[in-house]
Structures are given as structure tokens and as C-alpha cells.
Amino acid sequence: MNYIKQTILGLIIFSSTNSFAQNSNDKKVMDAMLKGDYRTAVSQLEKADAKTPDNTKILQMLGYSYFQNGEFEKCIGTYSRLIVLKPSEVSAYYYRGKARLNIANDPKESLNTMRENFYTAAIKDFTKASELSGDEDTQMFQNRGLAYKDYAIFKSYKAKKAVDKTTCVALFNNSIADFQKILTLQPLRKDIMDWITYNKAQIASLK
């Protein structure tokens, strides 16, 4: 289990044993999250958030539940609130980055002028999460590597000039660098090898 999932699971277990779980509504949240019923968790957590909007544990669980429900914009907003209160919370940057990347890659966002901003913001979030964790977490590298790759593909659609192609190549190389970090820790990852091969092919096509 990776660092982020351990953090979330630890929070759920901790909350189930403290004052948060002393009434029936709070117990519903704990039971729902442990069962993977995030719709029920969101319903209960939104009520709790309305009562205590600065509770970092509630915000962390609410942001995570929004993410699991695919409510990415609400996830981003909730984790942004959490970061204001707790700037060192690794999981907030990590899941906000994943939510931003999911929005950027959504076909419905293809005409959205904000799409590029979502890519760059996602990369910044993964970078910040990695810096704060202080560990060589393969999940961090993998998600940032995918974000660089997806952003490069997005940019390559409009790359006509040499300077634009150079930018795309740099993004693909950043992706390769992150994937290679994973291979130093997990050398038998065929999926990562395939992504590196894909990135190199894309770079060759831009020359």
C-alpha cells in the first residue's frame, strides 16, 4: 500500500476511535468509507463540514470522498481549503493534483481554455507532494510522469513552430525522467517501460 493510501486509511481508523465518531451520523461516515460507499460519506461529511468548516480531518475525508465519487471540482475546492489550514498535508496536494489531471484529460474539457492550466497545476501539486513527503514514492513519480506525458500530448496538437516542438520534447523528457526514477526502485515494471518507449516515439515524431 502506498504512502497516500496509508495516510487516508490511518485517518479513517483514527477518526473512528476519537470524538468524531461519537454520534450516529459520524459513525455512518466511518462505516461508509470503510465499505467504499463514498456517496453516503459525502452526504454525512458535508453536514459535518457545515457545522465545523475548519476541521482539517473532516476536510481531508471529504476531499478524498469527492475524489472517489468523481466530483473533481469539489475535490479541488475542498483540498484547497485544507491546504490553507494545513499547508504541509501531502495527501491534499496529491489528490488535488490527480483531480486536476482528471479534469484536464476529460474529453468534455477539450475546448476549455483552462485545460492547460489544469495540467500545469497538477504537475505543481505532484511536485509539492513529493517534496513534502521526503520519500521516493513511486506513485508520486508515476502520476507526475503521466501528467507531463498528457500535457506534452496536448501541447503537441498545436505544435507548429520549432519552439513549440522544443517545449513538447522537454515535457516528454520530464515524463521519461520520472518514469526512470520508478524503474530504479521497481526495475520490472513493464507498464513503465512501455510508457518510456511511447514517450521516445512521440519525441521522434516531433523531429
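The values are calculated or read from the model by the stated rules, or taken from the named source; none is laboratory data. Note that the structure is predicted; figures quoted are calculated from it, not measured. Backbone-built Cβ (ideal geometry, glycine too); neighbour counts: all protein chains shown. Accessible surface is based on the protein model in full, side chains and every heavy atom, while ligands, DNA and RNA are left aside. Shrake-Rupley method; radii C 1.70, N 1.55, O 1.52, S 1.80 Å.
Filter region 102-114 down to residues that are at pLDDT 85 or above, under 13 Å from Glu73 (Cβ atoms) and not small (Gly, Ala, Ser) and give me whichever is surrounded by the fewest Cβ atoms within 10 Å (Cβ to Cβ).
Going through region 102-114, the residues at pLDDT 85 or above turn out to be 102-106, 114.
Next, only the ones that are under 13 Å from Glu73 (Cβ atoms) stay: 102-104, 106, 114.
Those left that are additionally not small (Gly, Ala, Ser): 102-103, 106, 114.
On the way: Asn102: 17, Ile103: 21, Asp106: 14, Met114: 11.
So the residue we want is Met114.
Residue count for region 171-190 under the criterion of being of a type in the set (Gly, Ala, Ser) and under 10 Å from Lys149 (Cα atoms): the result is 1.
Quick check, is Asn2 modelled with pLDDT under 85 and of a type outside the set (Gly, Ala, Ser)? Answer is yes for this residue. Residues that are among the polar types (S, T, N, Q) and in contact (Cβ under 8 Å) with a residue 12 or more places away in the chain within region 26-54 comprise Thr40, Gln44, listed in sequence order.
Here region 152-193 is the region considered, the condition is being open to solvent by 80 Å² or more (accessible area, probe 1.4 Å) and among the polar types (S, T, N, Q), and the residue that is farthest from Asn117 (Cα to Cα) is Thr184. Can you tell me which residue in region 63-91 is surrounded by the fewest Cβ atoms within 10 Å (Cβ to Cβ), limited to those that are at pLDDT 95 or above and among the aliphatic types (A, V, I, L, M)? Among those residues, the one meeting the criterion is Val84. Among the residues making up region 71-99, those that are closer than 16 Å to Val42 by Cα and without any contact (Cβ under 8 Å) to a residue 12 or more places away in the chain are Lys74, Gly77.
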